[in-house]
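The values are calculated or read from the model by the stated rules, or taken from the named source; none is laboratory data. What you see is a predicted model; the values in this text were computed from it and never measured. Don't worry about glycine lacking a Cβ; one is built from the backbone with ideal geometry, like all the others, and counts go over all protein chains shown. The accessibility values were calculated without ligands, DNA or RNA, using every heavy atom of the protein model including side chains. Shrake-Rupley method; radii C 1.70, N 1.55, O 1.52, S 1.80 Å.
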Amino acid sequence: LLGLLADAAAPCALFALGATLVGQPISGDKAEVGALVFLKLVAHPVMAGIFALLLSLDPLLVRLIVVEASLPTAANVFVMATVYGRRPRRASTVVLVSTAIGVVTVSIAVALAVAEGGASIIPPGGAG
């Protein structure tokens, strides 16, 4: 039963996120949303890469950290904003916008990571 509930958590969060976005205009100050998306999609991977390099981590690990950091804002941000009543519409807007723009930025991060290392960061046969 616990496994069933755990498996249902992510789809329920995405459903609630979608329900919040239906029929709603982009919520809040566009400059604030833009800044938050920029911080997540650009500043976060750059800072993560700098810290990984300062720690003298393996180059493959540095590339993986940067790609991971370049992922869009996760739906759990919306869930936490809803639970604590702290701007859930704004959070849902940031998730939506960062996911839409993240298609491009994550692709760029992966392409740069693969080009930088010579060897693919994706295992043979794909990710699965």
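Some notes on this structure:
- Label-to-label distance, A16 versus L57, with points set 7 angstrom from Cα along the beta-carbon direction: 3.0 nm.
- Exposure rank, largest accessible area first [S107, S98; 1.4 Å]: S107, S98
- Over segment 35-83, the pair-distance histogram of Cα-Cα distances with 5 Å bins from zero comes to 5, 22, 23, 19, 15, 10, 5, 2 percent, rounded to whole numbers.
- Added length on full extension, which subtracts the Cα-Cα distance from 0.36 nm per residue, R87 to E32: 18.6 nm
- Length gained on full extension, A100 to E68, computed as 0.36 nm times the residue gap minus the Cα-Cα distance: 9.9 nm.
- Extending 7 Å from Cα along the Cβ direction at L112 and again at L39 yields two label points whose distance is 2.0 nm.
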